[in-house]
Amino acid sequence: MSNTTFSGPVRSENGFQDISVSATTGAVTVDATFGATTSVTNLTTTNLVFTDQNHPTTVAINATATATAAQVITGYITSTSAAATVITLPTGTLLGAALSATAGTVMDLYVDNTAGASTVTIAVATNGILSSAAADTPGSFGDLTIAAGATGLARFTIMFSSATAYVFTRTA
């Protein structure tokens, strides 16, 4: 099959599909679909940057608890607690397994406390450490407390140094 190079935009009313064809069976596999809703089923490319993050699944944690890996990998935790709440992240081993993490895996975690009436504090567990930026500037990158009300939003970045250990930094 030939390759085609376009110098202008490529447009379609019904989306695009990236496929692979088995050399032995000839079976066609859809690897990615690009359209109004983009899905990727077999991603092997590295260094991707996603700037539009939509979190269709959110998790509510309204009392002091250890978050499960499944809760954290949704990427968005809400809290509406009237009491101060501490959310401890799962161990690096559990979180790494849930993400199939390797060294270099990165994910953002948003914590939304805008409907809460008291602070939420994030704590790291075994094999989770604060980044050097967090340790050096605890008032910003290391600020693990999220205020209640209108300013109660925070973004944290979790970066894996191995399949079972992560570095944690507040990034907004």
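Any residue in the range 97-104 that is surrounded by 15 or more Cβ atoms within 10 Å (Cβ to Cβ) and farther than 13 Å from Val167 by Cβ? Yes, the range 97-104 has at least one match. Checked against the criteria, Thr151 does not count as on the phi < 0 side of the Ramachandran plot and at pLDDT 95 or above. Whenever a residue of the range 128-148 is more than 13 Å from Phe168 (Cβ to Cβ) and in contact (Cβ under 8 Å) with a residue 12 or more places away in the chain, its partners that are of a type in the set (A, V, I, L, M, F, W, C) and part of a loop (DSSP other than H, G, I, E, B), lying with C-beta atoms within less than 6 angstrom and at least six residues away or across chains, give the pairs Ala148/Ala117.
In the range 149-164, the residue that is nearest to the chain's Cα centre (by Cα) out of those that are in contact (Cβ under 8 Å) with a residue 60 or more places away in the chain and buried (at least 19 other Cβ atoms within 10 Å of the Cβ) is Ile158.
The values are calculated or read from the model by the stated rules, or taken from the named source; none is laboratory data. Just so we're clear, the structure is a prediction, and the values are computed from it rather than from any experiment. As a convention, Cβ positions derive from the backbone with ideal geometry for all residues, glycine included, and neighbour counts pool all protein chains shown.
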